[in-house]
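Accompanying notes for the structure given below.
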Amino acid sequence: MGKVKIKRKSTLIDMTAMSDVTVLLLTFFMLTSTFLQKEPVTVMTPSSVSEIKVPTSNLAQVLVSPNGKVFISIAGESDPELAGEWGTEAIRAEILKKAVSEYNRLHPNKKVELTDADVASFAKLNMFGVPFQALPSFLRMSQTDQDKVITDMTRNDVGIPIDDNVDLEKPNEFQIWMRAIYSSGNDNLQAAMKKGEGIAVKADKGTPYSIVHHVLDNLQTLKMNRFSLMTALKTEND
């Protein structure tokens, strides 16, 4: 008696549905993720047990490098209804104009002149940190050259000048910037700064406390006594 042959079934699997789900998931994560912004220097923040998240809108972030260079990043409204007037690029442009105007008032013999193109270039910067006198030449560089300059911590024209000034009639450049941010005209940003949610200080865990304390002293001189210190969540090994 002959053997009965079992009909082989096709092992072909239709992956169309799986591909559709994969694409949908990728699209979802791309649209909902917050991408890390470039910073002039990489810092490893100290650990803490705090789980309070630093806001991503209406925020002035002060970055302190291990060698004491100071940089500032500004984030505007995330609400689509307010982003037109007070979105990140719009508020950066307004703050720049106010800061330069105040600097020129205080230094009539060393005025800084910026074009509309310079203002537009500044509005696209995630983080800035050069003296006012270096602003025009810096803003007229290509993005590649700007990155090379601002990441070179050995340069004297990198970092916002800061000292132990307590005379607010003659503010230093860091104080001029922070005042301009506070008086940007965006009530929500000003309210966040008053509550301590609108200012965050970020420094490397190896940065000497004396350097960080210098920045905090300047904020307190400006009566900006409430701010956040950015940290990394402490693990069981810390």
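The values are calculated or read from the model by the stated rules, or taken from the named source; none is laboratory data. On a predicted model such as this, the values are computed, not experimentally measured, just so you know. Reconstructed Cβ throughout: ideal geometry from the backbone, glycine too, with neighbour counts over all protein chains shown.
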Worksheet, complete the sentence: Checked GLN190, GLN175 against criteria (in a helix (DSSP H, G or I), without any contact (Cβ under 8 Å) to a residue 12 or more places away in the chain and not acidic (Asp, Glu)); the one match is GLN190
Discussion item. Step by step: first the residues of the stretch 105-132, then only those that are surrounded by 16 or more Cβ atoms within 10 Å (Cβ to Cβ) and outside any loop (DSSP other than H, G, I, E, B), then the one that is modelled with the lowest pLDDT. Which residue is that?
Written reply: MET127
Worksheet item: How many of the residues in the stretch 133-170 are in a helix (DSSP H, G or I), charged (D, E, K, R) and within 16 Å of LYS69 (Cβ to Cβ)?
Response: 2
Worksheet item: If you scan the stretch 96-113, which residues turn out to be farther than 13 Å from SER184 by Cβ and hydroxyl-bearing (Ser, Thr, Tyr)?
Response: TYR103
Worksheet item: Mind checking which residues of the stretch 52-80 are farther than 26 Å from HIS214 by Cα and at pLDDT below 70?
Response: PRO80
Fill in: Which numbered condition GLU197 misses (of (1) under 16 Å from the mean Cα position of the chain (by Cα); (2) within 19 Å of GLY68 (Cβ to Cβ); (3) assigned to a loop (DSSP other than H, G, I, E, B))
(2)
Worksheet item: Quick one: would you say ALA75 is touching a Gly at 6+ places or on another chain (Cβ under 8 Å), buried (at least 16 other Cβ atoms within 10 Å of the Cβ), of a type in the set (A, V, I, L, M) and under 19 Å from ALA191 (Cβ atoms)?
Response: no
Fill in: the stretch 213-238, subset over 16 Å from MET178 (Cα atoms) and not charged (D, E, K, R), residue modelled with the lowest pLDDT
LEU233
Item to complete: Confirm whether GLY185 is of a type outside the set (A, V, I, L, M) and at positive phi.
Response: yes
Discussion item. From the list MET18, MET30, exactly one residue is modelled with pLDDT of 60 or more, under 25 Å from the mean Cα position of the chain (by Cα) and assigned to a helix (DSSP H, G or I). Which is it?
Written reply: MET30
Fill in: Filter result (under 15 Å from VAL62 (Cβ atoms), at pLDDT below 95, crowded, with 20+ Cβ neighbours inside 10 Å and out of contact with any strand residue (DSSP E or B) (no Cβ under 6 Å at 6 or more places or on another chain)) within the stretch 173-197
LEU189
Fill in: Any chance ASP217 is acidic (Asp, Glu) and assigned to a helix (DSSP H, G or I)
yes
Item to complete: Name every residue in the stretch 133-172 that is in contact with a strand residue (DSSP E or B) (Cβ under 9 Å, 6 or more places away or on another chain), among the aliphatic types (A, V, I, L, M) and either surrounded by fewer than 16 Cβ atoms within 10 Å (Cβ to Cβ) or closer than 24 Å to MET224 by Cα (or both), in order of residue number.
Response: ILE160, ILE162
Discussion item. Quick check on ARG155: is it at pLDDT 95 or above and over 26 Å from GLN220 (Cα atoms)?
Written reply: no
